[in-house]
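The values are calculated or read from the model by the stated rules, or taken from the named source; none is laboratory data. Everything quoted here is computed from the prediction, not taken from an experiment. Virtual Cβ from ideal backbone geometry, glycine too; neighbours counted across all protein chains shown.
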Amino acid sequence: MLVTGVVRGCEDPSPDASPVTVAADAAAADAKAGNAAEGSAAGPRRSNAIELPPLTVRSEAPAPTPAPGTPASRPAPAAQQAGAQRATALALPPSQAKKLAIPAITVESPVMGLGLDGHGRLTAPPVNNPRIVGWYRNGPSPGERGTALVVGHRDTRTGPAIFLNLNALKPGDKVDVVRADRRTAVFTVDKVRTYKKEDFPDAEVYGHTGRPELRLLTCGGSFDKKSGYAANVVVFAHLTDVRQV
């Protein structure tokens, strides 16, 4: 089943907000209430949209194979191949994501499941709870083979939000996702990119590479009061360890 919607989220923020340290323990009831309030709106609000491109690529299916002769089709280095094999060997069964931690930017957040709204778009965490992130529950769970998607606000009208400093992550940084089965899926950041909305590489971001991967997404780029952010920040990471909680 293909998803044909955009992610809703970042609310008219101040792009010059100061860095924030977030340690969230918001109750699930608050998240549910906030999400219900968003879903009851008569229609989408421009000021409340992360506006990721449609999820038209199956995150659980293999990404398109590059044409012969292109750089992406060349054999991967031995270290990269070994990493891919290890990630595949560590792959976990499906289980709900419950908590996200990113030590490098001092982030701890509960995770709520996200689905599609009445307009066919992937919903975002409620703007009245900027310290919570959302996982696309109809795709792979973090640690499962496939590409798990996690989105969060950069900031809102009330100030900084959970993913304000997402673009500060670097290759080698760790992302921990605690799952309902009491396992922690540990991901290692491969790269961080900022894409203009018109140049967003759907297949690269959403597609399945054959191993358990994670994408963290939020707003980015320049900000305009009328149209919002011009780009999206995307963190690419892959599974490198599994811990028992």
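Say we look at segment 223-232 and pick out the residues that are in a strand (DSSP E or B) and touching a residue at least 40 places away in the same chain (Cβ under 8 Å); which of these is surrounded by the fewest Cβ atoms within 10 Å (Cβ to Cβ)? Lay out the reasoning, then the answer.
Let us first name the residues in segment 223-232 that are in a strand (DSSP E or B), namely 223-224, 228-232.
From what's left, touching a residue at least 40 places away in the same chain (Cβ under 8 Å): 223, 228-229, 232.
Numbers: F223: 19, G228: 23, Y229: 24, N232: 25.
That would be F223.
Could you list all residues from segment 118-133 that are over 22 Å from R243 (Cα atoms) and crowded, with 20+ Cβ neighbours inside 10 Å? It would help to see each step written out before you state the result.
Going residue by residue through segment 118-133, those that are over 22 Å from R243 (Cα atoms) are 118-132.
Within segment 118-133, R121, L122, T123, A124, P125, P126, V127, N129, P130, R131, I132 qualify.
Residue under question is L214, and the condition is that it be over 19 Å from A89 (Cα atoms), touching a Leu at 6+ places or on another chain (Cβ under 8 Å) and surrounded by 17 or more Cβ atoms within 10 Å (Cβ to Cβ); does it hold? Please lay out each step first, then the result.
On the way: over 19 Å from A89 (Cα atoms): no; touching a Leu at 6+ places or on another chain (Cβ under 8 Å): yes; surrounded by 17 or more Cβ atoms within 10 Å (Cβ to Cβ): yes.
So L214 does not fit the description; no.
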H153 fails exactly one of (1) in contact with a Ser or Thr (Cβ under 8 Å, 6 or more places away or on another chain); (2) surrounded by fewer than 17 Cβ atoms within 10 Å (Cβ to Cβ); (3) not β-branched (V, I, T), namely (2)
Cβ pairs under 7 Å, 6+ apart or interchain, first in segment 178-194 and without any contact (Cβ under 8 Å) to a residue 60 or more places away in the chain, second of a type in the set (S, T, Y) and part of a strand (DSSP E or B), ordered by first then second residue, are V186/T240; F187/T240; T188/T240
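Of P126, P75, P160, which residue is at pLDDT 90 or above, out of contact with any Phe, Trp or Tyr (no Cβ under 6 Å at 6 or more places or on another chain) and farther than 14 Å from L214 by Cβ? It would help to see each step written out before you state the result.
Working: P126 fails: at pLDDT 90 or above; P75 fails: at pLDDT 90 or above.
After ruling out the rest, the residue left standing is P160.
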Pairs returned, first residue in segment 102-114 that is over 14 Å from V178 (Cα atoms), second residue that is assigned to a strand (DSSP E or B) and not polar (S, T, N, Q), beta-carbon separation under 8 angstrom, 6 or more apart or interchain, are A104/K174; T106/V22; T106/A23; L114/L122; L114/G134; L114/W135; L114/Y136; L114/V151
The correct count of residues that are outside any loop (DSSP other than H, G, I, E, B), farther than 18 Å from P212 by Cβ and not aliphatic (A, V, I, L, M) in segment 163-181 is 1
Positions within segment 188-218 being farther than 17 Å from I102 by Cβ and assigned to a strand (DSSP E or B), in sequence order:
T194, Y195, K196, H208, P212
